[in-house]
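The values are calculated or read from the model by the stated rules, or taken from the named source; none is laboratory data. Note that the coordinates shown come from a computational prediction; the quantities given were computed from them, not determined experimentally. Glycine also receives a Cβ, built like all others from the backbone with ideal geometry; neighbour counts cover every protein chain displayed. Quick note on the areas: whole protein, heavy atoms, side chains included, nothing else; ligands and nucleic acids left out. Shrake-Rupley method; radii C 1.70, N 1.55, O 1.52, S 1.80 Å.
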Amino acid sequence: MANKWVYMFSEGNMSMRNLLGGKGANLAEMTDIGLPVPQGFTITTEACTQYYEDGRKINDEIMGQAMEGVKKMEELNGKKFGDLENPLLVSVRSGARASMPGMMDTILNLGLNDEVVAAMIKGNPDPAFERFVYDSYRRFIQMFSDVVMEVGKKYFEQLIDKMKERKGVKFDVDLTAADLKELAEQFKEEYKKQLGKDFPSDPVEQLKLAIEAVFRSWDNPRANVYRRDNDIPYSWGTAVNVMPMVFGNLNDQSGTGVAFTRDPATGEKKLMGEFLKNAQGEDVVAGVRTPMPIAQMEQEFPEAYADFIKVCETLENHYHDMQDMEFTVENKKLYMLQCRNGKRTAQAALKIACDLVDEGHKTEEEAVAMIDPRNLDTLLHPQFDPEAVKAATPIGKGLGASPGAACGKIVFTADDATSWAGRGEKVVLVRLETSPEDITGMKSAEGILTVRGGMTSHAAVVARGMGECCVSGCGDIEMDEENKCFKLAGREYHEGDYISIDGTTGNIYDGQLKTVDAKIAGEFGRIMGWADKFRRLKVRTNADTPGDAKKARELGAEGIGLCRTEHMFFDEERIAAFREMICADTKEAREKALEKILPYQQDDFRQILEAMEGNPVTIRFLDPPLHEFVPHEEAEQQKLAEALGKSLSDVRSIVEGLKEFNPMMGHRGCRLTVTYPEIAAMQTKAVIRAAIEVQKAHADWKVVPEIMIPLVGEAKELKFVKDVVVKTADAEIEKAGSDLKYEVGTMIEIPRAALTADEIAAEADFFCFGTNDLTQMTFGFSRDDSGKFLNSYYDEKILESDPFAKLDQTGVGKLMDMALKLGKPVKPSLHVGICGEHGGDPSSVEFCDSIGLDYVSCSPFRIPVARLAAAQAAIAHKKG
């Protein structure tokens, strides 16, 4: 049999998500459980893949099956596509297997042309019906032009605004049938002006072009950005859903809405949503008119509302999760157009997960598995200081659409947000409403403020998904986008002025309000408790200061996986002594300078060991090249020359001599110790003395410092440095009469170290993968420069994500797996972790669990993310 590219809604179910996409699978499932769904069909994700394989063309077999689907749809609905007596109009919507709100494209009212419009009006003399037909027609021309033919929607919006101005009305709904008829003609003229050809009138051609547009939109820039941020592979493709139109814009007995079975911002168990009378779905989502709360629908359409409440209950009990639904009422009858597990804030995700366990919908394991770990970041985001809020008066209020606090300089375009943030400015993006092409600017901003739109507008949904603060629908703002200013509370605000917005309350404040660290709520502790019960991987932190170490302990760190000692050298008193060491001509002079640093290092280590309360602490010895520590400005060099009693030219030639063509692969890490063993000797004394002191003060703690040698590529290199460490450490322990234990291990960050891990393991007590450098050296990418060209790699699908942010499991991962398999048999007691930035990335944590690492280490604020990701990995591996 030929490939099956098309499934009627009655042929699928929710387990077919990979083939039918999320929207198609859920429409099929709702059909299966007897909910009122307009009966249509889904073109599969495999057809999308085929479209790209065929050079971005829909082959005849796929199109033939789609037209068969249209025929079945005609039979089911008693209407005919393109017919002048009883025409069938359809919507064409995308639906990937992972929810991508606002990222893909939709076309409504497809099948209209001048003849169909005239025939529809002829069959129903009611003037209100005529208005509805022209309203649908002008919407179709606008959407088709924008989404399918890529004529910018601004041209059409300008025509609508002109028409409203001419007629002296404020809203689209106030335009008459004659106005809309004229607009439809203007739209077609604009189409011809922009594209040089007539608007297509054949419904079959319209359908084919629309299906192609949905497939094409899988590869549009905003979809690619969203996929990269959310780990959605390009290879998945999107499905296309074709279904009969139901008309929320038919008359005042009709309307459209979006609703959630629980509050997506707080998680509270109450129906929440918005409804617009005499409107189509795009009006609610685009936020063109500010809608009414869902509860008001009860007064307007009591029967449809009662049906909807029953549907909500059915869906939540069926999916055992909070549902996000789109629906339309046509002549008081309810139709369901979509349901999916709703996007929610991190705070809501925790509350909903706990409530679903308490209500018997989920087990603890399922509750842990349903939370997106990346979302937890937002819970740890700053909030406004309650005292500052008390003292401040809001200048305006919108809807608190995505929690958090943001203050920054006002910018009015997404491009400005990106460029200002690129030069280190904190910005708040202020827009009439956001649209999907604003995504990169929204990411760059601290927060988003919109004039139009509700809790389900594009800005609200995307901001919640990104964990970014958002206030939407502040209608009091008088916006002047052209001149980059707006008026609010009697004051004019210009680009670059400071404002503060509160995404929880919706309040807007003048100037900069003080922020404080977030407090972690009870549900957070509960979920983390469950996560800790299920995970196998330990979670440590990367911390260089006692403050970081303390914060990490509060967030659940079980030790330090990376303490970078070089960050401690930059204090004014220390840097002077270290520069003296660098400029010294003899070993004795170097040792004398290092002696000055020793007490500082010892005190640093003591405080960090104290903060970790007997949990493991891995201290990495000096790693950066020495040129990073010397002054490069002439005035600073002069000062150093005077302090050392040398001439300026002497200091200058020392500085010049330290410069390297490729410092990342130069004289750094263990190579410094091979040249200057006295550096490692000083650092060893500091670690051991600090550990002895802390152990003495806390007899009940088990203090076992882990000394980590960086950048080893050859076993003999490690042995050389380890001999220096062991000789120094043992002498210190003996001198103190202590029985302190310590370990010496290495970072695996050079590919050769992974390839010869069996030899290196013979000398090491532990391995720690430094995946920042390991990625850099495996790819041969400079991590400081790769940003300049990686975008081209994403565009050409050479890479799907930044290998420095998300671990390259194919190449770097293979080296890690190899190092483990070579090292463990040589030394079964070898413990192995990861301490690059990847330690806090959920997909990388899952990989670390699968190859058998003992721990991951990440920055303090990512610890909850890693704890949850580690639990999810353990649950998945148990099932797998």
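Using only the Cα atoms of the chain, what do you get for the radius of gyration and for Dmax, in Å?
31.6, 104
Explain nothing, just the number: dipole magnitude of the range 377-450 about its Cα centre with +1 on each Lys and Arg Cβ and -1 on each Asp and Glu Cβ, in debye rounded to the nearest 20.
Working: 7 positive and 10 negative charges, 38 e Å.
For this selection, approximately 180 debye.
With r defined as the distance between the Cβ atoms of ASP231 and GLU437 and R0 fixed at 25 Å, what FRET efficiency is calculated, to the nearest 0.05?
On the way: r = 22 Å, r/R0 = 0.88.
The pair ASP231/GLU437 has a calculated efficiency of 0.70.
Check which residues have an amide H placed less than 5 Å from LEU807's amide H, if you skip close sequence neighbours.
HN-HN under 5 Å from LEU807: SER844.
List the trypsin sites (Lys or Arg not before Pro) within the range 667-764 that fall in a DSSP loop (any state other than H, G, I, E or B) and whose Cβ has at most 11 other Cβ atoms within 10 Å.
Passing sites in the range 667-764 are LYS702.
State the percentage of accessible surface on the chain attributable to carbon and sulfur atoms; use a 1.4 Å probe and exclude ligands, DNA and RNA. Don't skip to the end; give the middle numbers.
On the way: 17480 of 35720 Å².
That share works out to 49 percent.
Could you list the GluC sites (Glu not before Pro) in the range 329-414 that lie in coil according to DSSP, counting only those with at most 14 other Cβ atoms within 10 Å of their Cβ?
Values: sites: GLU330, GLU359, GLU364, GLU365, GLU366, GLU387; in loops: GLU359.
Sites meeting the loop and neighbour criteria: GLU359.
I need the phi-derived Karplus couplings for the range 631-645: 6.51 cos²θ - 1.76 cosθ + 1.60, θ = phi - 60°, integer Hz, Gly and Pro marked x.
Along the range 631-645, the couplings run x, 10, 8, 4, 4, 5, 5, 4, 4, 5, 4, 5, 5, 9, x Hz.
Please name which of PHE129, LEU449, MET664 has its Cα lying farthest along the dipole of the chain towards the positive end, using unit charges on Cβ (Lys, Arg +1; Asp, Glu -1) and the Cα centre as origin.
The Cα lying farthest towards the positive end belongs to MET664.
Rounded, prolate or oblate: which fits the range 1-80, taking a ≥ b ≥ c as square roots of the Cα gyration tensor eigenvalues, rounded meaning a/c under 1.5, else prolate when a/b beats b/c?
Note, shape of the range 1-80 comes out oblate.
Under a 1.4 Å probe, what is the accessible area of the range 134-208 per residue, stated in Å²?
On the way: 3740 Å² over 75 residues.
Accessible surface, normalised per residue, equals 50 Å².
Taking the Cα centre of the range 441-560 as the origin, how large is its charge dipole in debye, to the nearest 20, when only Lys and Arg (+1) and Asp and Glu (-1) carry charge on their Cβ atoms? It would help to have the intermediate numbers written out before the result.
Details: 17 positive and 19 negative charges, 221 e Å.
With Lys and Arg at +1 and Asp and Glu at -1, about 1060 debye.
Using r as the Cβ-Cβ distance of LYS702 and HIS318, and R0 as 56 Å, what FRET efficiency do you calculate, to the nearest 0.05?
On the way: r = 51 Å, r/R0 = 0.91.
Working from the Cβ atoms, E equals 0.65.
Pairs of lysines 8 or more apart, or on different chains, with alpha carbons under 28 Å: count those in the range 1-146, would you?
Close lysine pairs found across the range 1-146: 21.
I want to check a number: in the range 795-859, how many lysine pairs have alpha carbons closer than 27 Å, given a sequence separation of 8 or more or different chains? If you can, show how the numbers build up before the last one.
Values: LYS797/LYS806; LYS797/LYS814; LYS806/LYS814; LYS806/LYS821; LYS806/LYS824; LYS814/LYS824; LYS814/LYS827.
Pairs that pass both the separation and distance tests number 7.
Angle check, please: helix 863-879 long axis (alpha carbons) against the longest principal axis of the chain (alpha carbons), in degrees 0 to 90, nearest 10.
Taking the Cα atoms of the chain, the angle to 863-879 is about 70 degrees.
Antiparallel DSSP bridges in the chain: what percent, to the nearest 5? It would help to have the intermediate numbers written out before the result.
Values: 60 of 97 bridges.
For the chain, the DSSP antiparallel bridge percentage is about 60.
Considering only DSSP states other than H, G, I, E and B, which GluC sites (Glu not before Pro) in the range 168-249 qualify as loop sites with at most 10 other Cβ atoms within 10 Å? Each step should come with its number before you reach the end.
Details: sites: GLU182, GLU185, GLU189, GLU190, GLU205, GLU212; in loops: none.
Listed in order of number, the matching sites amount to none.
Using the heavy atoms of the protein chains and a 1.4 angstrom probe, tell me the accessible area per residue for the range 224-364 in square angstrom.
It amounts to 34 Å² per residue over the range 224-364.
Charges only on Cβ, +1 for Lys and Arg, -1 for Asp and Glu: so what's the dipole of the chain about the Cα centre, in debye to the nearest 20? Working shown, then result.
Numbers: 107 positive and 142 negative charges, 194 e Å.
So the dipole magnitude of the chain works out to roughly 940 debye.
Could you go through the range 292-300 in sequence order and give the Karplus-derived ³J(HN,Hα) for each residue, using 6.51 cos²θ - 1.76 cosθ + 1.60 with θ = phi - 60°, rounded to whole Hz, and x for Gly and Pro?
Each residue's phi maps through the Karplus curve to give 9, x, 4, 4, 5, 4, 4, 5, 6 Hz.
Taking the solvent-accessible surface of protein heavy atoms with a 1.4 Å probe, what is the per residue accessible area of the range 657-706 in Å²?
For the range 657-706, the solvent-accessible area averages 46 Å² per residue.
Would you count, across the range 339-456, every pair of lysines whose alpha carbons are under 24 angstrom apart, provided the pair is eight or more residues apart or spans two chains?
Close lysine pairs under the 24 Å cut-off: 13.
Would you please classify the overall shape of the range 748-880 from the alpha carbon gyration tensor, given that a ≥ b ≥ c denote the square roots of the eigenvalues, rounded means a/c under 1.5, and beyond that prolate means a/b larger than b/c while oblate covers the rest?
Numbers: a/c = 1.88, a/b = 1.24, b/c = 1.52.
Here the range 748-880 falls in the oblate category.
Under 5 Å between amide H atoms, partner at least 5 residues away or on a different chain: which partners does CYS858 have, H built in plane at 1.01 Å?
Long-range HN contacts for CYS858: ARG540, THR541, ASN542.
Per DSSP H run of at least 4 residues, take -39500 (n - 2.57); add these up for the chain, divide by its residues and hand me the 222 nm value, nearest 500 deg cm²/dmol.
Values: 35 runs with 408 residues, N = 880.
The helix contribution divided over the chain gives -14500 deg cm²/dmol.
³J(HN,Hα) across the range 687-696 via Karplus (A = 6.51, B = -1.76, C = 1.60, θ = phi - 60°), whole Hz, x for Gly/Pro?
Ordered by residue, 3J(HN,Hα) equals 5, 5, 4, 5, 5, 4, 4, 5, 4, 4 Hz.
Classify the range 83-172: rounded, prolate or oblate, from the alpha-carbon gyration tensor (a ≥ b ≥ c, eigenvalue square roots; a/c under 1.5 rounded; otherwise prolate if a/b is larger than b/c)? Please report the intermediate quantities before stating the final value.
Numbers: a/c = 2.26, a/b = 1.18, b/c = 1.91.
Note, shape of the range 83-172 comes out oblate.
Show the residues, 5+ positions off or on another chain, whose built amide H is closer than 5 Å to the amide H of SER402.
So SER402 has HN proximity to CYS470.
Report the one residue of ILE58, LEU594, TYR509 whose Cα lies farthest in the direction of the positive end of the charge dipole of the chain (charges on C-beta: Lys and Arg +1, Asp and Glu -1; origin at the Cα centre).
LEU594
Helix 203-217: angle to the longest alpha-carbon principal axis of the chain, degrees 0 to 90, nearest 10?
Taking the Cα atoms of the chain, the angle to 203-217 is about 10 degrees.
Identify, among PRO803, LEU830, PHE779, the residue whose Cα sits farthest towards the positive end of the charge dipole of the range 779-880, taking +1 on the Cβ of Lys and Arg and -1 on the Cβ of Asp and Glu, with the dipole about the Cα centre.
It is LEU830.
For GLU189 and GLU298 in the same chain, what is the full-extension length gain: residue separation times 0.36 nm, less their Cα-Cα distance, in nm? Before the final figure, lay out the partial values.
Values: separation 109, 0.36 × 109 = 39.24 nm, distance 4.19 nm.
Here the segment from GLU189 to GLU298 would lengthen by 35.0 nm.
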